[in-house]
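I have placed the structure first, in the form of structure tokens, so that the comments after it can refer back to it.
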Amino acid sequence: MTTILGRPSKVHTVIEYQYHLGSGAQLWTLPSLVVFRCPLLTPDLTQIDWFTLYDMIRLRRRVPLLQDSSRIQNAFELRRIMEQQQGRVPNLEHYSRLPGYLTPEESKRHCQSFLGFLTHDISRGHGTIFDQHEVHIRAAIRVMAETIFIRPDN
Amino acid sequence: MFTDDRHNMPLAIVAKLQLVIFEQRHRPQIAQHIIFGHDTNAWTAASCIEEGLIRPSAVDPTDPSWLAALGFHTRGVVGVRNVTDRSLTDVLLRAQKYANYGSARPVCLVGLTVGRQTHATIHQGGVVSEHCANFICDIVHSQKEKRWALRSHLSRLTHVAVLLPPNL
């Protein structure tokens, strides 16, 4: 089965094969995993020990999942995030090289008039609620405007 | 601005996104629909909006003990085919329990996903079990963590939101 997902500028095509477990359920998986067989994979999905099965796949798969071109790559592989203090944060160095992305400072600067428009529009449309929670609403509008202006084409 | 009309409280600043291209050849039978709310940081959100999808959970490709994940973790409400004011309120209220504009993940990406079989429920084993179940099941629910693991290529984005803190 083929699924096509994305934006006109970049479309992802994912190919999956049906996995037969004998349960009657329609199960689909990566081409590299469809040949994997293990007694742990029983038709009753509620009885499967997924934790142990994970180890079985890790040890016995024939083709590394990372090499399966049918899957969508994760942000770590694409260097969009990096490790920092045992957590993962956006890799701003990577984004600064991508066309169309602004730096945090540029994003803050460029969004000012949009921020003003949004604040004015929302305060007019939600007068009482806006007045009651102005500090929080203004802060949320700012985050929204800055997020949009990280990549203005969005 | 989106308000929780049941409590007459401001809930989030919400923007509707342009429609994402989503086509399935040999259209399968859909057994389940979910609306999801995925809390993330602003840079990842901008990147996801650009592409119209949320990439799978970050697994270190240089660490052989990890297998490449097919899905991402999120909060969700099951049984929702379309984004309505009611379903959007429900999913934003769930996402609001874990993040808001002042947290490390200030942006919430909202979207719809489909499952070709009913979801698998995980009772133990955490992230590893969820990743593994996601290899053959489209939708995985962790009962303990109250979160969902959804396949990236079946989940299309519809809205972006910035949540306000609960109990203002």
Extension gain from A:SER23 to A:VAL11, taking 0.36 nm per residue of separation minus the Cα-Cα distance: 1.0 nm
Interchain or long-range residues, amide H under 5 Å from B:ALA68's placed H: A:LEU65, A:LEU66
Lys/Arg +1, Asp/Glu -1 at C-beta; the protein assembly as shown dipole; positive extreme among B:GLN124, B:ALA99, A:LEU40: A:LEU40
Pairs of Lys in the protein assembly as shown closer than 29 Å at Cα, counting only those 8 or more apart or on different chains: 8
Three-way shape label, segment A:2-67, alpha-carbon gyration tensor, a/c 1.5: prolate
Chain A: angle of helix A:50-60 to the longest principal axis, Cα-based, in degrees nearest 10: 70
Within segment B:47-133, trypsin sites (Lys or Arg not before Pro) in DSSP loop having at most 13 other beta-carbon neighbours inside 10 Å: B:ARG81, B:LYS97
Under 5 Å, built H, 5+ apart or other chain: amide partners of B:LEU11: B:PHE2, B:THR3, B:ASP4
Whether chain A is rounded, prolate or oblate, judged on the alpha carbon gyration tensor where a/c under 1.5 counts as rounded: prolate
Cα-based Rg and Dmax for the protein assembly as shown, where Dmax is the largest Cα-Cα distance (Å): 20.1, 63
Cα-based shape type of segment A:49-135, given that a ≥ b ≥ c are square roots of the gyration tensor eigenvalues and the cut on a/c is 1.5: prolate
Relative packing of B:100-113, B:61-74, which averages over residues the other C-beta atoms within 10 Å, highest first: B:100-113, B:61-74
Distribution of pairwise C-alpha distances over chain B, 10 Å bins, in %: 11, 39, 37, 13, 1, 0
Trypsin sites (Lys or Arg not before Pro) restricted to DSSP loop in segment A:1-90 with at most 11 other C-beta within 10 Å: A:ARG37, A:ARG62
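FYI, it's all coordinate maths here, none of it is from the lab. Just so we're clear, the structure is a prediction, and the values are computed from it rather than from any experiment. Neighbour counts run over all protein chains shown; Cβ positions are idealised from the backbone, glycine included.
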